[in-house]
Amino acid sequence: MPPKGAEFRGRQLATLASQAHEWLTSDAYGDNLEKLGDDTALTEEQQHNVRLSLEDYEKNKKLSSSFVEELAKQTSASFDAWLRSRKENKFSIYEPELAKMIALKKKAGRLIWL
């Protein structure tokens, strides 16, 4: 990807992440997972997958779409900074983006687990 395209690509990925988050946290999706969880016709492996999907659903419900979008943008910005930092062998390029990423991940942890 051209270096000047990184910001635009980050916005695209953030929009997709936000839309996917909205779908994966919809009440309809949660209802379907609940129904599948009660389905005795599923194999043990399928039941396990449904349980894991329901866990993810419940965790993701605790995050807003705007937060997911912000996290996706920062992930893209961090990756771009890491590439430039590695190329120039300068950690100082990556360091501020890494600090922002760590702060967002800590916030996500607090939102999900507290």
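Given the conditions (1) farther than 19 Å from His21 by Cα; (2) small (Gly, Ala, Ser); (3) free of Cβ contacts under 8 Å to residues at least 60 places away in the same chain, which single one is not true for Ala77?
(3)
Of everything in the stretch 1-60, what is at pLDDT 95 or above and basic (Lys, Arg)? Give them in sequence order.
Lys35, Arg51, Lys59 - these are the residues of the stretch 1-60 that are at pLDDT 95 or above and basic (Lys, Arg).
Mind listing whichever residues of the stretch 85-114 are within 24 Å of Lys4 (Cβ to Cβ) and modelled with pLDDT under 95?
None - no residue of the stretch 85-114 is within 24 Å of Lys4 (Cβ to Cβ) and modelled with pLDDT under 95, so the list stays empty.
From the list Ala28, Ala81, which residue is surrounded by 14 or more Cβ atoms within 10 Å (Cβ to Cβ), more than 24 Å from Leu114 (Cα to Cα) and either of a type outside the set (Asp, Glu) or out of contact with any helix residue (DSSP H, G or I) (no Cβ under 8 Å at 6 or more places or on another chain) (or both)?
Matching residue, one of Ala28, Ala81: Ala81.
Which of (1) surrounded by 15 or more Cβ atoms within 10 Å (Cβ to Cβ); (2) under 20 Å from the mean Cα position of the chain (by Cα) is the odd one out, the single condition Tyr94 does not satisfy?
(2)
Any idea which of Lys59, Lys73, Lys35, Lys4 is more than 12 Å from the chain's Cα centre (by Cα), within 30 Å of Leu83 (Cβ to Cβ) and either part of a helix (DSSP H, G or I) or polar (S, T, N, Q) (or both)?
Lys4
The values are calculated or read from the model by the stated rules, or taken from the named source; none is laboratory data. Because the structure is a prediction, the values reported are computed rather than measured. Counting neighbours? That spans all protein chains shown, and the Cβs are built from the backbone with ideal geometry, glycine included.
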